[in-house]
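Notes to accompany the following structure.
The values are calculated or read from the model by the stated rules, or taken from the named source; none is laboratory data. Fair warning: this is a prediction, and the values are worked out from it, not measured in the lab. In this analysis, Cβ positions are derived from the backbone assuming ideal geometry, glycine residues included, and neighbour counts consider all displayed protein chains. Note: accessible area is taken over every heavy atom of the protein model, side chains too, but ligands, DNA and RNA are not part of it. Shrake-Rupley method; radii C 1.70, N 1.55, O 1.52, S 1.80 Å.
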Amino acid sequence: MGTTSITPTQTGSTLTAPLTFNGVSTYSSDFQSILTRAVGIASLPLTALQNSDADVLQKQTELQSFGQSVSTLTSAFSQLTSAVSSGGIEATSSDTSVVAATATGAATSSSFTINSITSLATSASEASTTGYTDSTSATVSSTGSLKLVLGSQSYNINLASGQNNLNGLVDAINSLGAGVTASVLTTGNGTNPDYLTISANAPGETTLQLLDDPTGANTNLITSANQ
């Protein structure tokens, strides 16, 4: 019947070669087929387990990639939220003591460079609309009650009978600490040579008014300033 040898070879968990049956018997080939089929059937659970492991590893890799995508999307949403909350475009100046920047609703971002400043905004400076005969006796207020307006701030002034003149008004304004300086301007011309002048101490655009009888006639004694 001849010689017979069965040689199984296995590496790890995978059979690398089937059982072999060698012999000179006429049934050797049939027996070999039976062995090969039996080994194949026995290997099916192992093959299924290996395929399942590979599928799990693939899903793990995809889940890690998905997590990175979610993190990137979250960061993008955070940046978008920050941009929307700040109005989308924000104006900034590298030196706010020299130039101030304000966003006015521009659709796209831009960058501008100011190389030099040739002049600064002048201070608001106004004079009385009419002149007075002198600074010590001519009455300046119809009621002795006035209101100084500088920008968004207002200051009430009440002049006693002996102070209701240019000199008294100048002293009253300068004692307010309102950020303005008042003085008497004498032109030397005509019958009403004396004028009241008021200047803001800080440069820039502002509103400067001196209102007589603010609760009644509310007459502006100086020209309004919008510089």
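Data table
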{"item": "Å² per residue, accessible surface of region 114-223 at 1.4 Å", "result": "53 Å²"}
{"item": "Probe 1.4 Å - accessible area at I157, Å² to nearest ten", "result": "10 Å²"}
{"item": "For G204, distant residues with modelled amide H under 5 Å away", "result": "T122, S123, A124"}
{"item": "Which of K59, K147 is most accessible, then next, and so on - probe 1.4 Å", "result": "K59, K147"}
{"item": "Approximate spin-label separation Q153-T139, in nm, with each point projected 7 Å along Cα-to-Cβ", "result": "3.1 nm"}
{"item": "³J(HN,Hα), Karplus 6.51/-1.76/1.60, whole Hz, each residue of region 211-223, x for Gly, Pro", "result": "9, 8, 6, x, 8, x, 5, 6, 8, 7, 7, 10, 6"}
{"item": "Exposure of D212 as accessible area (Å², to 10), given a probe of 1.4 Å and all protein chains", "result": "10 Å²"}
